[in-house]
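Since the structure comes first, as structure tokens, the remarks are kept for the end.
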2 protein chains.
Amino acid sequence: MTDTLAPNPGAAPGPGIEGSLAGWARTIAPSALREILPMLTRPGLLSFALGMPAAELLPGEAYVQATRRVLDGGALPLQYGVPHAALKRQIVEMMAERGVDCTEEQVFLTTGAQQGMSLLARLLLEQGGQVAVEAAVYDGIHAAVRPQSPQILTVPSDAEGIDVDALEAMLEAGARPAFVYVIPDGHNPLGVSMSLERRVRLAELARRWEVPLVEDDAYGFLRYDDAALPALRAIDPEWVLYVGSFSKIFAPGVRVGWIVAPQALVSILSILKHGSDLDVTTTAQRTLSAFLDAGALPEHLARVRAEYRARRDAMLAAMEHCFPKSVSWTVPQAGMFVWVTLPPGKDAVELLRRAVDEEQVAFVPGAAFCAHDPGQAARCMRLCFASMPVERIEEGIARLGRLLGGTIRIGAVPLV
Amino acid sequence: MTDTLAPNPGAAPGPGIEGSLAGWARTIAPSALREILPMLTRPGLLSFALGMPAAELLPGEAYVQATRRVLDGGALPLQYGVPHAALKRQIVEMMAERGVDCTEEQVFLTTGAQQGMSLLARLLLEQGGQVAVEAAVYDGIHAAVRPQSPQILTVPSDAEGIDVDALEAMLEAGARPAFVYVIPDGHNPLGVSMSLERRVRLAELARRWEVPLVEDDAYGFLRYDDAALPALRAIDPEWVLYVGSFSKIFAPGVRVGWIVAPQALVSILSILKHGSDLDVTTTAQRTLSAFLDAGALPEHLARVRAEYRARRDAMLAAMEHCFPKSVSWTVPQAGMFVWVTLPPGKDAVELLRRAVDEEQVAFVPGAAFCAHDPGQAARCMRLCFASMPVERIEEGIARLGRLLGGTIRIGAVPLV
């Protein structure tokens, strides 16, 4: 009960309307990430914490131009509307870069990738059903499945991605998850990308056991080194449901993402979405389409990739230079994150408190990405290399290095 | 299985991924309204069917100006962001017009009113729980609660709104709905507004039985005659959860709505929404706020109200003139709809087929708004008076009158 209810003179004592919540909502708690948020957003911090695109790289000028083109186009996108067909066609073209051959009818527009995950969870997951995720994983998937109060099955990961042997053993032992959630490229928070062999084996497992894969490809267009490996959906167009996002390659503020799925599922998703929020913001669909139509994406992506690559390299070099030998980390080929493992006995939450208080540096402790007991992840931390320019990255890593008692050195071998 | 899966050579026969859907999703069917949609959207129809704001009254110029102000403001709303505080303050001011005294902390921004309903359903409704709605009601509430596979309890309505005696009898007989969904002003599809006495009794019932009311006020700002009656939330700020929408008073395309709820529930809604789609489109929040900041809403609302009032009056007069005495209808004080009851034995779906084929006129048959057996609603139709200008309304009603075998007459008394 809050003091905002004070004006109501007849308010009875007792739980009031809070006693009317659905059972699962009564026990709901903010995610670990949201709980430490105030610590992470203290002003003046050098922050490796939040996975936000670099503000200075957001396509402001291109956005302004696209918006003006929409406004000048006459027919303003203010009415209720069916999904914008031109945008679907543009996404079909973009998917070719991920190796995916699909049709407009298989593309479903969503209010960001988070809605894609939420709708797929509702599509596939029974109340109290099973869902398989990696032990350390983007906390948004936990938020998406929570209303169904599922049993979370956790699968370990290594430097090539989700451990398919462990997954197979789980399936052989009788587990029947409604789906397996994976992030094949630029994993959040692990920073790893799945090997091609791993992708093929995972798709085979999905088909053999008839378990759908939900592929979160938020970072698949942000690859820094070799040519991109194909998305899982390119390997199996039936059992893989692909979730895409414009948040990291255009701007989070437009809230537009997409699903690529078999057409029969798209029509059910459409009914589900109608009950959730009717349409994707029409103005955002049109602005994005105008941006893509102007051919502005390739140039923007090239700029973002080059800058993020430089930031990643700066972070890796600074860690080599400043962290003790007992600390290891992943070397991301894509995405925005490095996963750092501290020596046994270290606790990343405790380190975060000291980092914020003593060195004004922030990161997200590994435990924030775990549904259950964090295990090894308790001594891990996620560092985002995308948000800050190189000098600030170097300064932040130097400060963390001081806390970790590092001595400047050369030649450590990255470990996962 | 669709031919879009043909490229996959390994596709096994059998249900494939469609066999992996959650139970409720496997039985999902488009709403009745969506099924007749193709009939309703045939080109060249005079259509009273869809509840869309009049395109020519959408605030295009004000939208352009607001968007340009946001663009010129410098800091583009492209990043992830917390809900826009200025917009919440503006909503607090707007709520005073509905008699509601609330604080910013009680205002929760949503991706349109539909998301408001969907989130409240997830907040309050257990899987398989009960929910109470009127027998004929906006089909979006059915879509919002469907994932919880609830038991739908239906309550009759009369010219003053939901039948509170029937609701009370239901509660006394042991029904315990997670919430009661009501549309106190400009009811969709019934076109009625609740009397003040009815509002007070309903709020008393909610408090006595500790049953939350979800108040859908999409049309509360579109009142045409006397001063508006207070929203239910003004009568009871604890048990009433208010859902507001900018779709009918600004534009559906921005997909912005709001909930007014006790502050303790707002924090849970925020966690729920985070799992659903993270944020409301930031660009839409800012544009709307700039529109409100320019003071453009009162003038826009006055224009819309005057025009919709004229259209309503034209429809009522044309029905008096053209429909047989055996046909009755509601006289809306607010909103966009008139509910027409045909003589016993008539079937509105059959009439729709003839209306579309023979007279190129469309409406929504009453059965589309019913969860169960439509009963009386099978001979009812919903006419939207907002979408077409007066001449087309008069022409459309004259055509329907021909089909109904009406003779031109004077002085029929409207019935509910």
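Inspect the stretch B:271-287 for any residue being assigned to a loop (DSSP other than H, G, I, E, B), more than 17 Å from A:SER276 (Cβ to Cβ), in contact with a strand residue (DSSP E or B) (Cβ under 8 Å, 6 or more places away or on another chain) and in contact (Cβ under 8 Å) with a residue 24 or more places away in the chain and give the result as yes or no. Break it down stepwise before answering.
Taking the stretch B:271-287 as the starting set, the residues that turn out to be assigned to a loop (DSSP other than H, G, I, E, B) are B:278-281.
From the residues that got through so far, the ones that are more than 17 Å from A:SER276 (Cβ to Cβ) too are none.
No, because not a single residue in the stretch B:271-287 is assigned to a loop (DSSP other than H, G, I, E, B), more than 17 Å from A:SER276 (Cβ to Cβ), in contact with a strand residue (DSSP E or B) (Cβ under 8 Å, 6 or more places away or on another chain) and in contact (Cβ under 8 Å) with a residue 24 or more places away in the chain.
Got a sec? Which of A:LEU292, A:LEU222 is crowded, with 22+ Cβ neighbours inside 10 Å and either more than 18 Å from B:GLY253 (Cβ to Cβ) or more than 7 Å from chain B (Cβ to nearest Cβ) (or both)?
On the way: A:LEU292 fails: crowded, with 22+ Cβ neighbours inside 10 Å.
Criteria check complete, one pass: A:LEU222.
A:ALA159 passes all but one of (1) within 14 Å of another protein chain (Cβ to nearest Cβ); (2) under 29 Å from A:LEU383 (Cβ atoms); which number fails?
(1)
For the stretch B:230-246, name all the residues that are within 13 Å of chain A (Cβ to nearest Cβ) and either part of a loop (DSSP other than H, G, I, E, B) or of a type in the set (Val, Ile, Thr) (or both).
Those that are within 13 Å of chain A (Cβ to nearest Cβ) and either part of a loop (DSSP other than H, G, I, E, B) or of a type in the set (Val, Ile, Thr) (or both): B:ILE235, B:ASP236, B:PRO237, B:GLU238, B:TRP239, B:VAL240, B:VAL243, B:PHE246.
Just to verify a result, which residue in the stretch A:74-83, among those that are out of contact with any Phe, Trp or Tyr (no Cβ under 7 Å at 6 or more places or on another chain) and within 11 Å of chain B (Cβ to nearest Cβ), is farthest from A:ALA284 (Cα to Cα)? Step through it out loud before you land on a result.
Taking the stretch A:74-83 first, the residues out of contact with any Phe, Trp or Tyr (no Cβ under 7 Å at 6 or more places or on another chain) are A:74-75, A:77, A:79-83.
Now drop any that are not within 11 Å of chain B (Cβ to nearest Cβ), which leaves A:74-75, A:77, A:79-82.
Working: A:GLY74: 16, A:ALA75: 14, A:PRO77: 9, A:GLN79: 13, A:TYR80: 13, A:GLY81: 12, A:VAL82: 13 Å.
Looking at residues that are out of contact with any Phe, Trp or Tyr (no Cβ under 7 Å at 6 or more places or on another chain) and within 11 Å of chain B (Cβ to nearest Cβ), I get A:GLY74.
Condition (residue is of a type in the set (Val, Ile, Thr) and in a helix (DSSP H, G or I)) applied to the stretch A:77-99: is it met by at least one residue? Before you say what the answer is, go through the steps one by one.
Taking the stretch A:77-99 and keeping what is of a type in the set (Val, Ile, Thr), we get A:82, A:91-92.
Then keep just the ones that are in a helix (DSSP H, G or I); that gives A:91-92.
Yes, the stretch A:77-99 has at least one match.
Only residues that are closer than 19 Å to A:LEU58 by Cβ and in contact with a strand residue (DSSP E or B) (Cβ under 6 Å, 6 or more places away or on another chain): list them for the stretch A:297-336, please.
The answer is A:MET336, and nothing else.
Any residue that is in contact with a strand residue (DSSP E or B) (Cβ under 9 Å, 6 or more places away or on another chain), at positive phi and in contact (Cβ under 8 Å) with a residue 60 or more places away in the chain - is there at least one of those in the stretch B:172-180? Walk me through it before giving the result.
Here is the first cut: in the stretch B:172-180, the ones in contact with a strand residue (DSSP E or B) (Cβ under 9 Å, 6 or more places away or on another chain) are B:175-180.
Next cut, at positive phi only: none.
Within the stretch B:172-180 (the criterion being in contact with a strand residue (DSSP E or B) (Cβ under 9 Å, 6 or more places away or on another chain), at positive phi and in contact (Cβ under 8 Å) with a residue 60 or more places away in the chain), the answer is no, since none of the residues qualifies.
Test B:ARG402 against the criterion of being surrounded by 15 or more Cβ atoms within 10 Å (Cβ to Cβ) and within 16 Å of B:CYS322 (Cα to Cα), and give yes or no. Steps first, please.
Numbers: surrounded by 15 or more Cβ atoms within 10 Å (Cβ to Cβ): no; within 16 Å of B:CYS322 (Cα to Cα): yes.
No, not satisfied.
Kindly provide the set of residues from the stretch B:367-389 that are farther than 17 Å from B:MET52 by Cβ and assigned to a helix (DSSP H, G or I), ordered by number.
Selection gives B:ALA367, B:GLY375, B:GLN376, B:ALA377, B:ALA378, B:ARG379.
For (1) modelled with pLDDT of 95 or more; (2) buried (at least 22 other Cβ atoms within 10 Å of the Cβ); (3) farther than 18 Å from A:VAL390 by Cα, each residue gets a yes or a no:
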{"position": "A:ARG312", "(1), (2), (3)": "yes, yes, no"}
{"position": "A:ALA317", "(1), (2), (3)": "yes, no, no"}
{"position": "A:ALA334", "(1), (2), (3)": "yes, yes, no"}
{"position": "A:ASP357", "(1), (2), (3)": "no, no, yes"}
{"position": "A:GLY366", "(1), (2), (3)": "yes, yes, yes"}
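Kindly provide the set of residues from the stretch B:156-167 that are in a helix (DSSP H, G or I) and either touching an Asp or Glu at 6+ places or on another chain (Cβ under 6 Å) or aliphatic (A, V, I, L, M) (or both), ordered by number.
B:VAL164, B:ALA166, B:LEU167
Checking B:SER326 against (1) modelled with pLDDT under 95; (2) of a type in the set (Ser, Thr, Tyr); (3) not in a helix (DSSP H, G or I), which single condition isn't satisfied?
Among (1) modelled with pLDDT under 95; (2) of a type in the set (Ser, Thr, Tyr); (3) not in a helix (DSSP H, G or I), B:SER326 violates only (1).
Please count how many residues of the stretch A:354-402 are touching a Ser or Thr at 6+ places or on another chain (Cβ under 8 Å) and of a type in the set (S, T, N, Q).
2
For the stretch A:351-366, does any single residue satisfy the condition of being touching a Lys or Arg at 6+ places or on another chain (Cβ under 8 Å), part of a loop (DSSP other than H, G, I, E, B), within 27 Å of A:SER118 (Cα to Cα) and touching a residue at least 24 places away in the same chain (Cβ under 8 Å)?
yes
Might you check whether a residue that is surrounded by fewer than 24 Cβ atoms within 10 Å (Cβ to Cβ), part of a loop (DSSP other than H, G, I, E, B) and within 11 Å of chain A (Cβ to nearest Cβ) occurs anywhere in the stretch B:196-210?
yes
Quick one: which of B:LEU87, B:LEU57 is under 30 Å from B:GLY335 (Cα atoms), more than 10 Å from chain A (Cβ to nearest Cβ), at pLDDT 90 or above and buried (at least 20 other Cβ atoms within 10 Å of the Cβ)? First the steps, then the outcome.
Numbers: B:LEU57 fails: buried (at least 20 other Cβ atoms within 10 Å of the Cβ).
Result: B:LEU87 is the single residue among B:LEU87, B:LEU57 that is under 30 Å from B:GLY335 (Cα atoms), more than 10 Å from chain A (Cβ to nearest Cβ), at pLDDT 90 or above and buried (at least 20 other Cβ atoms within 10 Å of the Cβ).
With the structure loaded, tell me whether B:TYR224 is within 12 Å of the chain's Cα centre (by Cα), among the aromatic types (Phe, Trp, Tyr) and under 29 Å from B:ALA310 (Cβ atoms) or whether it fails that test. Reasoning before the result, please.
Working: within 12 Å of the chain's Cα centre (by Cα): no; among the aromatic types (Phe, Trp, Tyr): yes; under 29 Å from B:ALA310 (Cβ atoms): yes.
For B:TYR224, the condition - within 12 Å of the chain's Cα centre (by Cα), among the aromatic types (Phe, Trp, Tyr) and under 29 Å from B:ALA310 (Cβ atoms) - is not met.
I'm trying to understand the selection: among the residues of the stretch A:321-335, which are within 17 Å of A:ASP347 (Cβ to Cβ) and not hydrophobic (A, V, I, L, M, F, W, C)?
Selection gives A:PRO324, A:SER326, A:SER328.
For (1) assigned by TED's automatic domain parsing to the domain that holds A:VAL340; (2) surrounded by fewer than 16 Cβ atoms within 10 Å (Cβ to Cβ); (3) modelled with pLDDT of 85 or more, each residue gets a yes or a no:
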{"residue": "A:ALA6", "(1), (2), (3)": "no, yes, no"}
{"residue": "A:ALA22", "(1), (2), (3)": "no, no, yes"}
{"residue": "A:LEU45", "(1), (2), (3)": "yes, no, yes"}
{"residue": "A:ALA62", "(1), (2), (3)": "no, no, yes"}
{"residue": "A:ARG68", "(1), (2), (3)": "no, no, yes"}
{"residue": "A:GLY81", "(1), (2), (3)": "no, no, no"}
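From the list B:PRO262, B:PRO252, exactly one residue is within 8 Å of chain A (Cβ to nearest Cβ) and under 15 Å from the mean Cα position of the chain (by Cα). Which is it? Step through it out loud before you land on a result.
On the way: B:PRO262 fails: under 15 Å from the mean Cα position of the chain (by Cα).
When all the criteria are applied, what remains is B:PRO252.
Within the stretch B:117-137, can one find any residue that is facing chain A (nearest Cβ under 7 Å), part of a loop (DSSP other than H, G, I, E, B) and crowded, with 18+ Cβ neighbours inside 10 Å?
First pass over the stretch B:117-137, keeping only residues facing chain A (nearest Cβ under 7 Å): B:118, B:122-127.
Imposing the further condition that a residue be part of a loop (DSSP other than H, G, I, E, B) reduces the set to B:125-127.
Still in the list and also crowded, with 18+ Cβ neighbours inside 10 Å: B:125, B:127.
Scanning the stretch B:117-137 turns up at least one residue that is facing chain A (nearest Cβ under 7 Å), part of a loop (DSSP other than H, G, I, E, B) and crowded, with 18+ Cβ neighbours inside 10 Å.
Given the options B:LEU153, B:LEU109, name the one that is away from chain A (no Cβ under 14 Å), out of contact with any Cys (no Cβ under 7 Å at 6 or more places or on another chain) and not in a helix (DSSP H, G or I).
Numbers: B:LEU109 fails: away from chain A (no Cβ under 14 Å).
One residue alone meets the criteria, B:LEU153.
Do we find a residue being more than 10 Å from chain A (Cβ to nearest Cβ), buried (at least 24 other Cβ atoms within 10 Å of the Cβ) and within 20 Å of the chain's Cα centre (by Cα) anywhere in the stretch B:162-172?
Scanning the stretch B:162-172, I find at least one residue that is more than 10 Å from chain A (Cβ to nearest Cβ), buried (at least 24 other Cβ atoms within 10 Å of the Cβ) and within 20 Å of the chain's Cα centre (by Cα), so the answer is yes.
The values are calculated or read from the model by the stated rules, or taken from the named source; none is laboratory data. Keep in mind that this is a model prediction, so the values were computed, not measured. Backbone-built Cβ (ideal geometry, glycine too); neighbour counts: all protein chains shown.
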